[in-house]
Amino acid sequence: MSPPAAARFAPIVGLALATLALVVAAAPRAARADAPETVPVTRVDGVPHLGAAELAQLLSAAKFWRPEVRKLVLKSGSHQIVLTVDNPFVVTDDRTVRLTTPVLSMRGEILVPVELLESLPRDSTLSRLFYDARRGRVVVVPAGGTVGTPHVAAGEGGTRITFPVEGVADASIANRSRQHFRVRLDGYFMGQLPDTLPGDGLVRGLRSIPAVAGSAFEMEVSSQAEAYRVVREPRAGRIVIELSKQPGPGLDAFAPEGLRGARTLRVVALDPGHGGSDAGVTVGDVVEKDLTLALARQLKIEIERRLPVRVVLTRDRDVDLSVAQRAQTANRARADLVLSLHFDGFPDPKARGATAYCPPATFGAAGAEAHAGSARPILVMPWSDVATRYAVDARALAEAVLGVMELKGLGPSRLRELLALNLLGVNAPGIVLECATLTAPRDRARVTGSRGLAELAAAIADGIVAYQRND
């Protein structure tokens with residue numbers, strides 16, 4: 001967590017049968033808790049089939065094989081499914097279902113037509129399965145529910161994108177730029193994208209993009225759009241993204257955008273927060289100053305693997321450093337961007353996720369693009385405020401990094417426009433990144449796990465690449 005800001009800056013507040021010849025338990029699930037579990041299907045004569053072993057795994061069911069009658073019984077809680085080889089009749093609990101094609105046995109494996117999934121009992125004790133024909137996989141519908149086909153409607157004042165949702169599906173914005181406006185929903189996408197978009201609307205393009213958890217969509221938004229908001233209507237079973245031609249109460253502005261095209265990156269400065277006598281947030285044996293240094297070392301490797309840049313660290317050991325010393329190290333290296341790495345902490349254990357702080361975009365900070373082709377005003381500012389000159393690029397960096405983290409399930413993420421203490425005197429686009437919340441058990445377990453920092457470093461590095469590409 002960042003140290004308190006000077007009095008004139010707002011402070012950064014830090015703080016999941018005896019009659020039977022064989023009994024086999026279903027294999028334990030290995031998928032991430034926040035990602036839907038999926039298995040591929042096998043096509044036999046064009047008909048999609050699911051292996052009975054995989055079906056048992058997805059349903060957390062035990063398997064009982066009766067060779068004398070060639071029956072396989074799957075039991076999950078109070079539910080029972082009886083499959084008979086070469087027979088199209090399947091018994092689920094006390095109900096018999098006739099399938100279009102029979103259950104098969106091939107090379108010692110029992111295959112079940114995926115049409116059976118529509119006949120399985122639906123209650124809270126049994127996983128709900130969905131056949132995703134587009135990807136050729138059977139999916140366990142996650143706790144976030146499902147997302148249906150979006151509907152795009154244009155009106156006089158703006159455009160509404162309505163996502164039908166079932167369950168507790170929620171939405172978060174992963175990128176606020178018009179060119180790459182991205183929204184992530186908790187539910188699994190079971191619908192289809194619209195073939196056409198309203199010609200008079202504010203959405204120029206809509207596509208599905210990968211996300212580790214839930215589903216995500218990217219929109220190309222017209223320059224006529226001035227603001228947006230997310231409207232959650234759980235009782236109506238929908239989430240609506242409203243794009244408006246006019247700013248107004250309850251609406252959020254899009255991210256300021258500079259000139260497009262690849263940015264020049266030669267030097268990246270990483271500032272591992274805290275150090276020495278300043279331990280930062282401490283929860284049990286988890287100490288922020290140790291995590292930030294370990295993350296910086298890992299992130300250096302990831303960045304240099306992706307980009308032809310030199311990465312410098314403001315500290316590579318456990319020492320005390322002042323804010324001025326950190327800024328001097330970055331400035332002397334002529335850094336093209338600066339990341340000050342931290343981990344957050346809050347008294348409320350429910351608080352979790354990542355936060356990025358970037359300098360606010362003032363009139364002067366808009367600089368290059370605001371006055372392109374005209375004489376620029378002479379700006380006089382304290383040297384400590386020099387980071388505000390790069391506010392637009394710093395915001396783009398924050399958007400890029402948080403966007404990747406959100407899509408990779410490392411959120412929820414927040415962006416705050418604030419000249420934080422750790423950016424004072426930094427003569428480059430810079431952000432303070434609170435990478436996770438150590439006081440949140442889920443966040444803490446993730447970042448201290450065997451692959452926690454590696455996954456975090458990879459996500460941040462991907463965000464830096466997206467910032468550099470600037471497409």
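Descriptive notes on the structure:
- Members of segment 235-265 that are surrounded by 13 or more Cβ atoms within 10 Å (Cβ to Cβ) and assigned to a loop (DSSP other than H, G, I, E, B): Gly237, Lys245, Leu251, Phe254, Ala255, Pro256, Glu257, Gly258, Arg263, Leu265
- The one condition in (1) farther than 22 Å from Val267 by Cα; (2) at pLDDT 90 or above that Val401 fails to fulfil: (1)
- Sole exception among (1) outside the structural domain of Ala396 (by TED's automatic domain parsing); (2) out of contact with any Pro (no Cβ under 9 Å at 6 or more places or on another chain) for Arg238, by number: (2)
- Qualifying positions in segment 191-234 - farther than 14 Å from Ala153 by Cα, among the polar types (S, T, N, Q) and not in a strand (DSSP E or B): Gln192, Ser222, Ser223, Gln224
- Test: residue in segment 250-273 that is farther than 28 Å from Gly430 by Cβ and touching a Gly at 6+ places or on another chain (Cβ under 8 Å): no
- Answer from Ala459, Ala400, Ala445 - the residue that is farther than 17 Å from Leu295 by Cα and either among the aromatic types (Phe, Trp, Tyr) or outside any loop (DSSP other than H, G, I, E, B) (or both): Ala400
- The conditions of being of a type in the set (Asp, Glu) and touching a Leu at 6+ places or on another chain (Cβ under 8 Å) are not met by Asp290.
- Scanning segment 52-65 for residues that are closer than 14 Å to Val103 by Cβ, touching a Leu at 6+ places or on another chain (Cβ under 6 Å) and surrounded by fewer than 21 Cβ atoms within 10 Å (Cβ to Cβ) yields a single hit, Trp65.
The values are calculated or read from the model by the stated rules, or taken from the named source; none is laboratory data. Remember, predicted model here, so these are calculated numbers, not experimental data. Positions of Cβ are generated from backbone atoms using ideal geometry, with glycine treated the same way; all protein chains shown enter the neighbour counts.
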